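First the structure, in the form of structure tokens, and then the observations on it.
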Amino acid sequence: MWFDAEAMRSILGEACSLTQAQSPACTSRARALLEGIAEQRFETVTQRGGRGAVRFFDSALGSLVLRSYRRGGLIGRWVRRHYLWLGESRTRCYREFHLLQQLAAQGLPVPHVVAAGFVRNGLGYRAELLMRAIPDSRPLAQHLAALDAESTHAIAVELGRLLARFHRQGVYHADLNAFNVMVDAQGKLWLIDFDRGELRPPDAQWQRANLQRLRRSLWKTAPQWAGASGVDVETLFATLVSAYQASMRLP
């Protein structure tokens, strides 16, 4: 199990220094507290759909999100939660935990990770990731349904600028879609679900592929929102791309 140092301080108390928080004794105590949270999760969570089993619950740390890694696609019909063991540093939770720490350190709007861990089972393993919930937020696909044409244009511009910010820093999102963009009560945009994401040298080919994946998702979700504002998918996407390209040219 891995812990975020700042989250460790929240668990153990603000008087605990970062050096102390990384000690074996503090790690053991934090593990026990988090395992206590985990034991209660099935009584307090709200189950939500999607490939990853995501559970929301309240705790002494505030509102948390526990994500269990699950397979999608054809193989997911037979093997839902287990992945082939190839070493600790290659587990899904290890990679996402450390990537999110790096992105947060760069000031990018991503979930704040608390802990991650895995359980081995023969040649496989299953894994979970614990994060702080983004308060009062909802997916872009749902948020668009409540907007008029002017607000839809504004959020398309903001999203284009945000994606350019991630791409300029070489952030590859493996599943950029209208449900992995979150909008909070203040209108701030966040990206979530960085499973299989990574840092790459900036390159136009994978960056275009990222945008096109989002475009396909907007088409799939259009029945939920396009009629509300009167803005169609291609108009929204063109606005997004224009803002994205302008931001990519920034020094």
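Every number in this text was worked out from the coordinates using simple rules, so none of it is lab data. Because the structure is a prediction, the values reported are computed rather than measured. Please note: Cβ atoms are built from the backbone with ideal geometry, for glycine as well, and neighbour counts cover all protein chains shown.
Before moving on, here are some points about what is shown:
- Residue within the range 143-152 that is surrounded by fewer than 18 Cβ atoms within 10 Å (Cβ to Cβ) and touching a strand residue (DSSP E or B) at 6+ places or on another chain (Cβ under 6 Å) present: no
- Residue that is nearest to His98 (Cα to Cα), among those in the range 109-123 that are under 10 Å from the mean Cα position of the chain (by Cα) and hydrophobic (A, V, I, L, M, F, W, C): Val113
- Within the range 122-142, considering residues that are part of a loop (DSSP other than H, G, I, E, B) and either aromatic (Phe, Trp, Tyr) or touching a residue at least 40 places away in the same chain (Cβ under 8 Å) (or both), the one surrounded by the most Cβ atoms within 10 Å (Cβ to Cβ): Ile134
- Summed over the range 99-121, the residues that are over 16 Å from Val65 (Cβ atoms) and free of Cβ contacts under 8 Å to residues at least 24 places away in the same chain give a count of 3.
- Residue in the range 228-238 that is more than 26 Å from Pro135 (Cα to Cα), surrounded by fewer than 17 Cβ atoms within 10 Å (Cβ to Cβ) and in contact (Cβ under 8 Å) with a residue 24 or more places away in the chain present: yes
- Only a single item in (1) under 16 Å from Pro139 (Cβ atoms); (2) in a helix (DSSP H, G or I); (3) touching a strand residue (DSSP E or B) at 6+ places or on another chain (Cβ under 8 Å) is not met by Phe166, and it is number (1).
- Among the residues examined, Ser247 qualifies as over 22 Å from the mean Cα position of the chain (by Cα), among the hydroxyl-bearing types (Ser, Thr, Tyr) and not in a loop (DSSP other than H, G, I, E, B).
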